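Report on one structure; see the data block that follows.
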């Protein structure tokens, strides 16, 4: 089958011809992929930054949308033919979602709503789950004054989810993203690309979600004593002034993913999404890893790939 991945640990990302996966065992599903998300985290899968059990040669990718083509013993919720959305780690068989077919854990899967496009569905899982779990960590509610630092998919979804929870949300991002962030509900946008950007505002916050590298320390200075900081970029500062400061690492959650997919299907969560072919995937992954995606979430479209006959 056609896949996009690596032949060896630390190898180049390239189009591969891999064997089709084994039959699913207890608690597993086999999916025929239609679309798979590309994120900056994917390059960590084969370089030691994120141990998901990759076994090269293997496809990269940990999220996407696919159709169930085989069901393992003990799985009762899903059946052959279901279209599902997934974020799965560790990888069930050592290979990821950037492939025609992938084995996944049924507990990491949710039904993809019929009116949710497969491109948006594939773009959603990691960013949406990370945003949801970070906001839960920050105990975000209608009384929260929240600062979200960043303009990538996770930050954009966090703004939307926090606004829906009734929080007062301010974003810190490049000015070119300001209009969109305001349309999504941010009451103000601080230019975080300015030197000493935290000193340009008198605002203070109960909680900060850090979704941009190198901004955590400055963002922390805007917290009230006893506030809460959650970083998804692994750079949470040491606690100070009674502030709780934590790094968050996403965990799969099929049930929560289903709720987030339903919100997206209802038009309550949006992302800028662009699809690419598998042949364009390597170059696109390099752009995403370098932080040059411009806030766009890229997905690999598998619908034009002839089904494997292995």
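Only the coordinates and a few stated rules stand behind these numbers; no lab work does. Predicted model, so just to flag it, every value in this text is computed and none were measured. When we count neighbours, we look across all protein chains shown, and the Cβ atoms used for this are built from the backbone with ideal geometry, even at glycine.
Look at where the Cα atoms of the stretch 51-111 and of the stretch 240-294 average out, and the two centres are 17 Å apart. By the count of other C-beta atoms within 10 Å, a proxy for reagent exposure, 33, 1 are ordered fewest to most as 1, 33. Let me know the shape class of the stretch 127-247, please: from the alpha-carbon gyration tensor, a ≥ b ≥ c as square roots of the eigenvalues, rounded when a/c is under 1.5, otherwise prolate if a/b is greater than b/c, or oblate. Rounded. Comparing 14, 63, 76 in a Gaussian network model of the chain where C-alpha atoms under 10 Å apart are linked, the largest mean-square fluctuation is found at 76.
Run the numbers on the stretch 127-190 and let me know its relative contact order in percent, using alpha-carbon pairs under 8 Å that are six or more apart. Don't skip to the end; give the middle numbers.
Values: 105 pairs, mean separation 20.3, N = 64.
Relative contact order for the stretch 127-190 comes out at 32 percent.
Panel order for 232, 250, by other beta carbons found within 10 Å of each beta carbon, from fewest to most: 250, 232.
Quick check: from the Cα gyration tensor, does the stretch 1-135 come out rounded (a/c under 1.5), prolate or oblate? Because a/c hits 1.5 or more and a/b fails to exceed b/c, the stretch 1-135 counts as oblate.
Comparing 24, 252, 73 in a Gaussian network model of the chain where C-alpha atoms under 10 Å apart are linked, the largest mean-square fluctuation is found at 73.
Taking Rg/Rh (Cα atoms, Kirkwood Rh) as the quantity of interest, determine which of [x] 1.05; [y] 0.99; [z] 0.93 was computed from the displayed structure. Among [x] 1.05; [y] 0.99; [z] 0.93, the one calculated here is [y]. Of all DSSP-defined beta bridges confined to the chain, some 55% are antiparallel rather than parallel. Using C-alpha pairs below 8 Å separated by at least 6 residues, the relative contact order for the chain is 21 percent. The angle separating the long axis of helix 125-137 from the principal Cα axis of greatest extent in the chain is about 40 degrees.
When peptides 105-114, 153-162 are ranked by their average number of other Cβ atoms within 10 Å per residue, the highest-first order is 153-162, 105-114.
Mind checking the angle between helix 153-164 and the chain's longest principal axis? C-alpha axes, 0 to 90 degrees, to the nearest 10. For 153-164 against the chain, the angle is about 60 degrees. Using just its DSSP H runs of length 4 or more, each adding -39500 (n - 2.57), the chain gives a mean residue ellipticity at 222 nm of -5500 deg cm²/dmol after division by all residues. From the alpha carbon centroid of the stretch 195-231 to that of the stretch 1-38 is 39 Å. Take the Cβ-Cβ distance between residue 55 and residue 240 as r, set R0 to 35 Å, and report the resulting FRET efficiency rounded to the nearest 0.05. After rounding, the FRET efficiency stands at 0.25.
Counting only alpha carbon atoms, the long axis of helix 254-265 and the longest principal axis of the chain meet at about 80°.
Among 228, 180, the order by Cβ neighbours within 10 angstrom, fewest to most, reads 180, 228.
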